[in-house]
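Encoded as structure tokens, the structure appears first; notes follow it.
The values are calculated or read from the model by the stated rules, or taken from the named source; none is laboratory data. Quick caveat, the model's predicted, so the values are computed rather than measured. In this analysis, Cβ positions are derived from the backbone assuming ideal geometry, glycine residues included, and neighbour counts consider all displayed protein chains. These accessible areas exclude ligands, DNA and RNA; they are computed on the full protein's heavy atoms, side chains included. Shrake-Rupley method; radii C 1.70, N 1.55, O 1.52, S 1.80 Å.
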Amino acid sequence: MKLAERDSRVFLIVGDLGFGVTEPFAQRFPERYLNAGVAEQNMTGIAAGLALSGKIVFTYSIANFPILRCLEQIRNDVCYHHANVKVVAVGGGFAYGSLGATHHATEDLAIMRALPAMTVVAPGDPEEAMAATEAVAAHDGPCYLRLGRPGEQKVHNRPIHFQLGKAIQVRQGSDVTLISTGGMLQTAVETADLLSDRGLHVRVLSMHTLKPFDVNVVLAAARETSAIFTLEEHSIIGGLGSAVAEILAESAEHEVAFKRFALPPAFACKSGTQEYLRAQSGLDVESLTNAIYAASRERRLYAASASL
């Protein structure tokens, strides 16, 4: 709404949503709001047409619906024409865990990363989400903005400098690096705190932009710490871990240990809360702390033996 008050080009199109969330925008800017109904392909096509006539258009729906149900339109109507459409999905990962696999957004980052011209953003907390909304609106071209769920805690306790394609260092550390994306940031910070109690100095990076990717911050971590661990509420295929692996594989930084913590490439066979489903995949704080500490200890023992 703040963006729309400043810029008359801002439009919002939703797919069968409202119920107190988007009504204030609809009431304030009725000529710039449209509920396309359960017709996400139409929603995206309309957005592309508006964008090609000079508008900045946000499409918005739950989890996979604004992405997978209209992937062809995003690819051919939006990306192919470099249309100024901002695709917003709420409920990344297991945020809608109790509704089952249809509502689990666990392949979205990989799919959207692969689309030409698409900028991919997954903010780590409400502060980053606000800054990301401003940033994608100002960016000329297609963007995907992956949000978590209402009520998420703020992780940043001071003003942040948010720039597309530039990670935010949340914690300093010289032993190991944790890189998280999206709603895993709080988990990464809590894991780092527990590892600190065990004597590890942990660097925490919020990789809020998956495309373009901050190559330099990964290479710095490879030079300055002994291990890199990626944390994401997304399939292990094609997301944050894959992006970091690509960088390390093609760089000259060969000494750093690396491990991905992510979801298996399978549909969740259970339903439940987001916290429950994360724990089933080893993405809870306790499991991550134990696994990262064990991997770091193994790395230190290997380094010690290699130096003899």
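Annotations
- Positive-pole candidate from Ala36, Ser8, Gly18, dipole of the chain, charges at beta carbon: Ser8
- Segment 202-241 and segment 2-45 have Cα centres separated by 34 Å.
- Taking the accessible area of the chain, probe 1.4 Å, and keeping the other protein chains in place, the carbon and sulfur fraction comes to 53%.
- Proximal lysines to Lys2, defined as alpha-carbon separation beneath 24 angstrom and excluding residues fewer than eight positions away on the same chain: Lys55, Lys86, Lys154
- Cross-link reach list, lysines versus Lys166, counting only Cα pairs under 16 Å and skipping chain neighbours closer than eight places: Lys211
- GluC sites (Glu not before Pro) restricted to DSSP loop in segment 1-47 with at most 14 other C-beta within 10 Å: none
- Relative contact order, percent, the chain [alpha-carbon distance under 8 Å, six or more residues apart]: 15
- Residues of the chain were split at every exposed loop site, defined as trypsin sites (Lys or Arg not before Pro) in a DSSP loop with at most 13 other C-beta atoms within 10 angstrom, and the longest piece left, sites excluded, is 1-153.
- Computed on the Cα atoms alone, the convex hull of segment 116-253 gives a volume of 111 cubic angstrom per residue.
- Distant-in-sequence amide H partners of Leu210 (H built 1.01 Å from N, under 5 Å): Val120, Val121, Ala122
- Cβ-placed point charges (K, R +1; D, E -1), dipole of the chain about Cα centre in debye, nearest 20: 160
- Net charge of Cβ neighbours under 12 Å - reference Ala101; Lys, Arg +1; Asp, Glu -1: 0
- The chymotrypsin sites (Phe, Trp or Tyr not before Pro) of segment 1-74 meeting both criteria, a DSSP state outside H, G, I, E and B (loop) and at most 10 other C-beta atoms within 10 angstrom of the site's C-beta, are Phe19.
- The residues of the chain present an accessible area of 45 Å² per residue when probed at 1.4 Å with all protein chains retained.
- Counting every alpha-carbon pair across the chain, the share separated by more than 23 Å comes to 56%.
- ³J(HN,Hα) computed for each position of segment 25-37 - Karplus, 6.51 cos²θ - 1.76 cosθ + 1.60, integer Hz, glycine/proline x: 5, 4, 6, 7, 10, x, 7, 10, 9, 8, 9, 7, x
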